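Quick notes on the structure that follows.
The values are calculated or read from the model by the stated rules, or taken from the named source; none is laboratory data. Here the structure is a predicted model, which means the values were calculated and not measured. Cβ coordinates were reconstructed from backbone atoms using ideal geometry, including for glycine residues, and neighbour counts include every protein chain displayed.
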Amino acid sequence: MIETRKLTTIAEYEEAVNLQREIWGFADVELLPRRLFVVANKVGGQTFGAFDGSRMVAFLVAIPGLKSDGSIYLHSHMLGTLAGYRDRGLGRKLKLMQREEALSRGIKLIEWTFDPLELKNAFLNIERLGAVVRRFVPNQYGTTSSHLHGGLPTDRCVAEWWIDSPRVQAILNNTPLPAAPVEARVSIPSNIDTLRQKDARQARAVQDMVRERFLEYLRRGLEVSGFERTEETGAYLFSPRQG
């Protein structure tokens, strides 16, 4: 049975650093260091892990943030799961643990970034957690050493997770939501991961299309509030912004 708990020791922080190497294959210069995990716990952030026995198989780290209006939120900077433990709900389990702890402190918003080409992550974030996307950042981190990024620019969606909103509560409680009017959609081929590894030119063409359309639709005042999956594609659904 997989156990989730707060990370509190230097040894656990070191294990989270090592997981970054295993999951993403980052060069050492791109790893989140042990010190960040120490600081995150000291200044109101979060460090959580999932364990199979004594072995850490997934982790999450978040740091506090401050909006221009003075409101406090959490920036969930990294969540990773070992390859052999994916598709077992560990990411969602850690996010729900994150939500529960944040609500206990009166925090209403958690944000994080994710690659729009990672379709499983998109489905989790939007359909299983209830996040919305209102911002898109081209090449946020530059080109990284990770094999998972395939040498492409690191375009990122910004997920806004209003953790006590009616939308999130309904999704987490499996309560039907009123259908939002879909004004635009962006479809991505389901084999995009294969393209990134074997056909960089085609993968870049897909990424360029996604970037152009996201920026256009968000400029028009739309937001991503839905995600559909078929065997052939994953599609972001854009609706008029709520709230």
Output for Cβ contacts, cut-off 7 Å, separation at least six or different chains, first residue touching a residue at least 60 places away in the same chain (Cβ under 8 Å) in the stretch 1-30, second surrounded by 14 or more Cβ atoms within 10 Å (Cβ to Cβ) and in a helix (DSSP H, G or I), reads I2/L90; T4/K93; T4/L94; T4/M97; W24/L148; F26/Q20
From the option list R229, R211, R219, single residue qualifying as touching a Pro at 6+ places or on another chain (Cβ under 7 Å) and not β-branched (V, I, T) is R211
Residue count, the stretch 204-243, condition under 27 Å from A170 (Cβ atoms), out of contact with any helix residue (DSSP H, G or I) (no Cβ under 8 Å at 6 or more places or on another chain) and among the small types (G, A, S), comes to 4
Checking T81, T143 in turn, the sole residue that is of a type in the set (S, T, N, Q) and crowded, with 16+ Cβ neighbours inside 10 Å turns out to be T81
Note on the stretch 40-62: residues under 26 Å from R105 (Cα atoms), out of contact with any Pro (no Cβ under 8 Å at 6 or more places or on another chain) and touching a residue at least 24 places away in the same chain (Cβ under 8 Å) are N41, Q46, T47, F48, G49, A50, F51, A58, F59, L60, V61, A62
Residue within the stretch 22-44 that is buried (at least 18 other Cβ atoms within 10 Å of the Cβ), within 17 Å of the chain's Cα centre (by Cα) and part of a helix (DSSP H, G or I) present = yes
Residue pairs qualifying under the 7 Å Cβ cut-off, at least six apart or on distinct chains, with the first in the stretch 220-234 being under 15 Å from I192 (Cβ atoms) and the second being of a type in the set (S, T, Y) and buried (at least 20 other Cβ atoms within 10 Å of the Cβ), are F227/Y236
Picked from the stretch 74-89 (must be modelled with pLDDT under 95 and not in a loop (DSSP other than H, G, I, E, B)), the residue farthest from the chain's Cα centre (by Cα) is G84
Only one of V168, V186 is surrounded by 13 or more Cβ atoms within 10 Å (Cβ to Cβ), touching a helix residue (DSSP H, G or I) at 6+ places or on another chain (Cβ under 9 Å), modelled with pLDDT of 95 or more and part of a helix (DSSP H, G or I), namely V168
Practice problem: For the stretch 134-154, indicate whether the set of residues that are free of Cβ contacts under 8 Å to residues at least 12 places away in the same chain and within 29 Å of Y217 (Cα to Cα) is non-empty. | Solution: yes
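Here is a yes/no grid of residues against (1) surrounded by 16 or more Cβ atoms within 10 Å (Cβ to Cβ); (2) assigned to a helix (DSSP H, G or I):
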residue: G91; (1), (2): yes, yes
residue: K95; (1), (2): yes, yes
residue: E100; (1), (2): no, yes
residue: I107; (1), (2): yes, no
residue: W112; (1), (2): yes, no
residue: K120; (1), (2): no, yes
residue: N125; (1), (2): yes, yes
residue: F136; (1), (2): yes, no
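Scan the stretch 51-73 and give yes if some residue there is in contact with a helix residue (DSSP H, G or I) (Cβ under 8 Å, 6 or more places away or on another chain), of a type in the set (G, A, S) and assigned to a loop (DSSP other than H, G, I, E, B), otherwise no. If you could, list the steps in order and put the result at the bottom.
Here is the first cut: in the stretch 51-73, the residues in contact with a helix residue (DSSP H, G or I) (Cβ under 8 Å, 6 or more places away or on another chain) are 52, 56-63.
Okay, now just the ones that are also of a type in the set (G, A, S), so 58, 62.
Those still in the list that are assigned to a loop (DSSP other than H, G, I, E, B) too: none.
Scanning the stretch 51-73 turns up no residue that is in contact with a helix residue (DSSP H, G or I) (Cβ under 8 Å, 6 or more places away or on another chain), of a type in the set (G, A, S) and assigned to a loop (DSSP other than H, G, I, E, B).
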(request) Could you tell me whether R204 is of a type in the set (D, E, K, R), surrounded by fewer than 18 Cβ atoms within 10 Å (Cβ to Cβ) and under 21 Å from V133 (Cα atoms)? (result) no
